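See structure below.
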Amino acid sequence: MLSLKEVTKVYENNNKKAVNNLNLEVNKGEIFGFLGPNGAGKTTTIRMITGILDITEGEILVNGFNIDKDPIKAKSSFTLVPDHPEIFDSISGIEYLNFIADMYEVSIQDREKMIEKYARDFELYGDLTQQIKSYSHGMKQKLLVIGALLPEPKILILDEPLGGLDPRSARILKNMMREHCKKGGTVFFSSHVLEVVENLCDRVAIIDEGELIACDSLENLKQNSEITLEDIFLELTADEEI
Amino acid sequence: MKKFKSLVLIQIKDIYYNAQNSMNIRNKKLVYILQLILLAAIIAPAIYFSLVTYQAFAQLNQPELVITSMYVNAVILMFFLGIPIIVSVFFFSKDIRFLTALPIEEEKIIFAKLSTVYIYLLAIGAAFILPSIIIYAIKTGISLSLIILGPIAFLLAPLLPLLISSILVLTFNKIIRKSKYKNLLTMVGNMLLIVVIIMMQLNITQKAADPAVIKNAFLNNESLITLIGLRFPPSIWMTKMLLGSFTNTLYFILINIIFVMALHFLARYFFKKSLLTFTEGSRSNGKIRYKKASPGWQLFKRHMLIIIKEPTFLLNALLSMVVPLIIYVIMSFSGQFSIEILNSAQIKPFMVLIYSGIMVFPAIVSNISSTVITREGRAFWQTKVLPISDKMNIKYRIMTTLVINLSGSLILGLIGYILLPVNLNMVLVASFFTISLTLFLANIDFKINILRPLLNWSHPTAAVKNNMNVTMTLGIRLILGLILFGFYKLSGNLFNNFNSIVYILSIVFLILYFISRYYLYNIMVNRFKKISL
């Protein structure tokens, strides 16, 4: 469903290799966790997958379509929830959702049904007619999540999605991610909350300094049932002993 | 005091670094060189003007009036430029809430914000008042009173226009703060305020231009200074203060103190009720509507709404449309211009040029295409991840510019058609010229924005005003103007009438548009793809 082949990103302004020769395969119907310390290259990778950033070397296939050569078909297959809810905030929540629905050609009936369902679940329905400017950080994050779920994408890509959410909304989102996969969708998400990754993901990849250092199912990564994902993460990404 | 100093310093630094970053030039030396060139471009004409004015007043044996005259001009400019800066710093700044949370008195926050405006205005004063004081000192000899009071006069100069403008703006916005359309009212109201100030100045100038008043002024030395100072009375005290008059020094300093105290009193009153409500998003109780629209329409609407919903962007886009109307209204009111002038036999042959100039005005003064990517700011990522082609993404950005500029041209064209002696043929020729030049410039300006996207801005002003893209578009227009003037001069009697010249130029611009369009959609599109946050 999502394939990264020898992907490298070098930033032109500082010649820094943010991602180095990254290979990843995300299968259909799985929840894939993407982990790494701050500055490891997670957001850069997500930006390359979604076409926000150019790839220096390698190729990325989304639902079989090359993001560089066939961007419209590739982009039709996924939606993104970025790490910071930076959206055009002078419009109302419902105007934003109508915008997204039109872009992904969601019918009136479907959008009505889904907006109502998701907005009520996330307790945002009553605020949809308000200007996004008046929303809190968490409300904006919820709006972005609803917008991302609305087109029922094949792949849901989320960059640190739980950051601004309250516990109830975080729980709802986790359930929705599971539900999305049950329906045949795929979820690719980055997170710092290792507990969430441990409970939710079928497979995880750990990236450090732009390089993939581990990618496997949790069972295989753990080998020994005593250790947690946090232990593995700290062991793999530590320069010195903590 | 330490807190206040830090607050002022951080505000000034913010403005300075924003202005520097907006140039989007990595080479620091080049930034300084450009700043120096810009400074020289402002100061050089002011020095020349001061010299000419000095010589004129020296012949009347009143050389000190050069200071009065330049001070009055600077004050008028400060009034004019101060209002939009005050509005932007107070009502549309995003840091008010953050500043409110700091352990510092509310009036100090207001004063810290005012000090940033003061710095802006002091820079204007430096360009106009300083040269006049220096030239006067060099030519007449440096006196002790000039050494002591000269810098004081210079430093105090922005205070009065700043304080009067602030009190007017804050009072006006206090009245409209509860309105649903407070942003629109703020802009329209403050634009009207500028018009009123200009009209008042023109009215006073007309009074001063009365032959009886002028005759009296030349007969009486005291009257000449009053005549110049009529437009801004404290300038009389300021001039006399520099000449060593103790009473006038007292008057000048006293009036500044009174205004500072008035603002201090008002600051507390305005802060919470007025300023904070302006930073709130609007809350609507409207119904949820599920409307379907084409992706193209949604993209067009998005770019239009980015302009309409952000007051700074709207003001920037609309001002270009209304400037000719404001000039016309002011000049008509002041009696400096009438339609009869345009109906005269000498002007008539040039009518197609005048009418074309009016219609094409929005395309020439508007630079919205050069900031269409920048205006989106950090929300730019969104259209990048949508399932739309890059060409489509570009197309609707340019279309926004075309619709705004051509609407402006249409309005100006209709008003011109009603007021000016133009025939249908002239309208067609001017329309053709307007469309081809608008298309060409919108494409060229957009290319500048692709090359210099500048997405990380903290204040909308940085996106559309303190942006080198805008300066570059003006440079392009200047070069274009020179080429057109050269073409006109060289063509001589080659063409029978001006209609043919405008017609040929329209075809040239249309060809240039198609070339630039090809270049944009086939070559520059790759550069557009590479734009990232």
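The values are calculated or read from the model by the stated rules, or taken from the named source; none is laboratory data. Remember, it's a predicted structure, so these values are computed and weren't measured experimentally. A quick note on method: Cβ atoms are made from the backbone with ideal geometry, for glycine too, and the neighbour counts reach across all protein chains shown. For the accessible areas, the whole protein counts, side chains as well, though only heavy atoms, and no ligand, DNA or RNA atoms are used. Shrake-Rupley method; radii C 1.70, N 1.55, O 1.52, S 1.80 Å.
Do we have A:Ala148 as in contact with a Leu (Cβ under 7 Å, 6 or more places away or on another chain), among the small types (Gly, Ala, Ser) and over 29 Å from B:Lys287 (Cβ atoms) here? Let's see the steps before the verdict.
Values: in contact with a Leu (Cβ under 7 Å, 6 or more places away or on another chain): yes; among the small types (Gly, Ala, Ser): yes; over 29 Å from B:Lys287 (Cβ atoms): no.
Here the answer is no, as A:Ala148 does not meet what is asked.
Residues checked against (1) open to solvent by less than 10 Å² (accessible area, probe 1.4 Å); (2) out of contact with any Cys (no Cβ under 8 Å at 6 or more places or on another chain); (3) within 12 Å of another protein chain (Cβ to nearest Cβ):
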position	(1), (2), (3)
B:Ile364	no, yes, no
B:Ser369	yes, yes, no
B:Ile373	yes, yes, no
B:Asp390	no, yes, yes
B:Ile394	yes, yes, no
B:Arg397	yes, yes, no
B:Leu402	no, yes, no
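Just one of (1) open to solvent by 60 Å² or more (accessible area, probe 1.4 Å); (2) part of a helix (DSSP H, G or I); (3) at pLDDT below 90 trips up B:Leu410, so point out which.
Going through the list (1) open to solvent by 60 Å² or more (accessible area, probe 1.4 Å); (2) part of a helix (DSSP H, G or I); (3) at pLDDT below 90, B:Leu410 breaks only (3).
Spot the failing condition for A:Ser190; the list is (1) touching a residue at least 60 places away in the same chain (Cβ under 8 Å); (2) not assigned by TED's automatic domain parsing to the domain that holds A:Leu234, and only one is missed.
(2)
State the number of residues belonging to region B:293-313 that are open to solvent by 20 Å² or more (accessible area, probe 1.4 Å), more than 7 Å from every other protein chain (Cβ to nearest Cβ) and in contact (Cβ under 8 Å) with a residue 12 or more places away in the chain.
Qualifying residue count for the region: 2.
Answer yes if at least one residue in region B:97-111 is part of a loop (DSSP other than H, G, I, E, B) and over 26 Å from B:Val169 (Cα atoms), and no otherwise.
yes
What is the residue count in region A:176-193 for residues that are more than 15 Å from the chain's Cα centre (by Cα) and at negative phi? Outline the logic, then answer.
Initially, region A:176-193 is screened for residues more than 15 Å from the chain's Cα centre (by Cα), giving A:179, A:182-184.
Next, from what is left, pick out any that are at negative phi: A:179, A:182-183.
The qualifying residues number 3.
Against the condition in contact (Cβ under 8 Å) with a residue 60 or more places away in the chain and open to solvent by 10 Å² or more (accessible area, probe 1.4 Å), how does A:Asp83 come out, does it pass?
In short, yes.
Just checking, which of A:Asp54, A:Asp89, A:Asp83, A:Asp68 is facing chain B (nearest Cβ under 7 Å) and either within 21 Å of B:Ile306 (Cβ to Cβ) or not in a helix (DSSP H, G or I) (or both)? Don't jump to the end; show me each part of the working.
Details: A:Asp89 fails: facing chain B (nearest Cβ under 7 Å); A:Asp83 fails: facing chain B (nearest Cβ under 7 Å); A:Asp68 fails: facing chain B (nearest Cβ under 7 Å).
Of A:Asp54, A:Asp89, A:Asp83, A:Asp68, the one residue that is facing chain B (nearest Cβ under 7 Å) and either within 21 Å of B:Ile306 (Cβ to Cβ) or not in a helix (DSSP H, G or I) (or both) is A:Asp54.
Taking only region B:56-71 into account, find how many residues are under 13 Å from B:Ile133 (Cα atoms) and not charged (D, E, K, R). Even if it seems obvious, please write down each step before you answer.
So in region B:56-71, the residues under 13 Å from B:Ile133 (Cα atoms) come out as B:63-71.
Within this subset, residues satisfying the condition of being not charged (D, E, K, R) are B:63, B:65-71.
Residues meeting the conditions: 8.
Quick one: which residue in A:Gly126, A:Gly93 is open to solvent by less than 20 Å² (accessible area, probe 1.4 Å) and outside the structural domain of A:Gly51 (by TED's automatic domain parsing)?
A:Gly93
Under the condition of being within 28 Å of A:Lys183 (Cα to Cα) and either at the interface with chain B (Cβ under 9 Å from one of its Cβ atoms) or open to solvent by 20 Å² or more (accessible area, probe 1.4 Å) (or both), which residue from region A:129-153 is farthest from the chain's Cα centre (by Cα)? Quick ask: steps written out before the conclusion?
To start, the set of residues in region A:129-153 that are within 28 Å of A:Lys183 (Cα to Cα) comprises A:138-153.
With either at the interface with chain B (Cβ under 9 Å from one of its Cβ atoms) or open to solvent by 20 Å² or more (accessible area, probe 1.4 Å) (or both) added as a condition, the list becomes A:139-140, A:151-152.
Details: A:Met139: 18, A:Lys140: 16, A:Pro151: 15, A:Glu152: 14 Å.
Within region A:129-153, the match that is farthest from the chain's Cα centre (by Cα) is A:Met139.
Can you name the residue in region B:446-467 that is among the aliphatic types (A, V, I, L, M) and assigned to a helix (DSSP H, G or I) and, of all such residues, is most open to solvent (accessible area, probe 1.4 Å)?
Taking the candidates together, the pick is B:Leu451.
Taking the options B:Ala46, B:Ala41, name whichever one is farther than 30 Å from B:Asn256 by Cα and within 22 Å of the chain's Cα centre (by Cα).
When all the criteria are applied, what remains is B:Ala41.
Test of understanding: among B:Lys395, B:Lys391, B:Lys465, which residue is under 30 Å from the mean Cα position of the chain (by Cα), of a type in the set (Lys, Arg) and at pLDDT 90 or above? Give the derivation first.
Details: B:Lys391 fails: under 30 Å from the mean Cα position of the chain (by Cα); B:Lys465 fails: at pLDDT 90 or above.
Among B:Lys395, B:Lys391, B:Lys465, only B:Lys395 is under 30 Å from the mean Cα position of the chain (by Cα), of a type in the set (Lys, Arg) and at pLDDT 90 or above.
Does B:Thr383 qualify as being closer than 27 Å to B:Pro295 by Cβ and of a type in the set (Val, Ile, Thr)?
yes
For A:Glu112, only one of the following conditions fails: (1) facing another protein chain (nearest Cβ under 8 Å); (2) surrounded by 22 or more Cβ atoms within 10 Å (Cβ to Cβ); (3) at pLDDT 90 or above. What is its number?
(2)
Please report, ordered by residue number, the helices (runs of 4 or more DSSP H) entirely within region B:468-533 with at least 2 residues that are on the phi > 0 side of the Ramachandran plot, surrounded by fewer than 17 Cβ atoms within 10 Å (Cβ to Cβ) and not charged (D, E, K, R).
It comes to none.
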